[in-house]
Amino acid sequence: MVRHRGGPQGSQRGDDAVAEHDTAPGVARELGGFLERRREQIAQRWADAALFRTVFTVSRDEAVEAGKAVVDALAEVARSGRLEDLRAPGFGTVRDQLGRMAAARVRAGFAPSQIADEVAGLRAPVAALLRAESADPADEHAHASMLALTALLGTLRLVVMETTVNAGEELIARQRQQLLEVATPVIQLWEGVVAVPLIGTLDSARSQIVMESLLEAIVGRRARYAILDITGVPTVDSLVAQHLMKTVAAARLMGAECIVSGIRPAIAQTIVHLGIDLGSIITRAGLADALAYALTQQGIVVSPRPAAGASPR
């Protein structure tokens, strides 16, 4: 017969729960001590893992040092007892390091699930070293230590996945910015004359890029005339028209006259139906006409080339 001193069975269960809670910090601290002792060995094994090997390609020593930094962070988290806290201070010290690793794998074309599998693969060499330290890997204390290690590396996996998502979003944002810049080139047609041939749909973000690029070109190339050619713009609504007018006004403030060319008949009808007043803006049918206007305004005479065999007068 088993006697429960100090109260009924329910009270005894409560005491057991408290006892288990009290031992958890001790297991976590022991795990932190193990990580400190085995720091070099863990880092050496991790240096050969895909996650480290493909990112730190300068030398293996660089991968080993990165591994040591991550082990130190894990040891700090373990000592704090916050094994499942993504915001534990220890992770903060290597978040940039992890972000660099995650970003490199994203740029290499790896999916988040593949990166998660690579992080999960870091557990095996650490678990092998932890089992080697226990006389009986099957006893209760060794089992508790292994569970603590699993929880800690599971949290590391979540931290890496978080940085992977952030790295992916940053990469998409940079690529979108680059595409916008490439899609809105500023071309110097003549001394003092620049042009922006617009192709595709204009939205607020792209219109801002157009304005910034054009103003920089006006200053950098000392342009007196700027041509906005919208031949390749499929539709013009009130928002696009407002962006064009703002760009024209900004160019005038910089000392350049702005000419809009390439207004097709359908777009002209849309502008009229919307009641948009473009009376203050110089317009021309095409890019060639706009260039001819800008050259004429600078005193440069544009005349057709004589036909072959004809004598110039």
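Using the basic label-point model (7 angstrom from Cα toward the beta carbon), what is the Arg37 to Asp139 distance in nanometres?
Between Arg37 and Asp139, the label points sit 1.3 nm apart.
Please work out the FRET efficiency for the pair Gln188 and Gln269, using the Cβ-Cβ distance as r and a Förster radius of 25 Å; give the result to the nearest 0.05. Mind dumping the intermediate values first?
Details: r = 33 Å, r/R0 = 1.32.
My answer for the efficiency is 0.15.
Given Met146, Ala104, Leu51, which one lies farthest toward the positive end of the charge dipole of the stretch 21-180, if we put +1 on the Cβ of every Lys and Arg and -1 on the Cβ of every Asp and Glu?
Farthest towards the positive end: Ala104.
Compute the length gained on full extension between Leu278 and Thr150: take 0.36 nm times their separation in residues and subtract their Cα-Cα distance, giving the result in nm to one decimal. Write out the running numbers ahead of the final one.
Numbers: separation 128, 0.36 × 128 = 46.08 nm, distance 6.73 nm.
Here the answer is 39.4 nm.
Give the long-range amide H neighbours of Thr231: residues separated by 5 or more places, or on another chain, with amide H under 5 Å away, using H modelled in the peptide plane at 1.01 Å from N.
Residues meeting the criterion, in which the H sits 1.01 Å from N, are Leu198.
Starting from the Cα-Cα distance between Glu169 and Thr296, subtract it from 0.36 nm times their residue separation and give me the gain in nm to one decimal. Could you put the intermediate results ahead of the total?
Working: separation 127, 0.36 × 127 = 45.72 nm, distance 4.85 nm.
Using 0.36 nm per residue and subtracting the Cα-Cα distance, I get 40.9 nm.
Stretched out fully, how many nm does the piece from Thr201 to Asp117 gain, at 0.36 nm a residue minus the Cα gap? Don't skip to the end; give the middle numbers.
Details: separation 84, 0.36 × 84 = 30.24 nm, distance 4.03 nm.
Length difference between fully extended and current span is 26.2 nm.
What spacing in nm lies between the two simple spin-label points modelled at Asp289 and Val219, each 7 Å away from Cα in the Cβ direction?
Output for this residue pair reads 3.3 nm.
None of the figures in this text is laboratory data; all of them are computed from the coordinates on show. This one's a predicted model, so the numbers in the text were calculated from it and none came from an experiment. Virtual Cβ from ideal backbone geometry, glycine too; neighbours counted across all protein chains shown.
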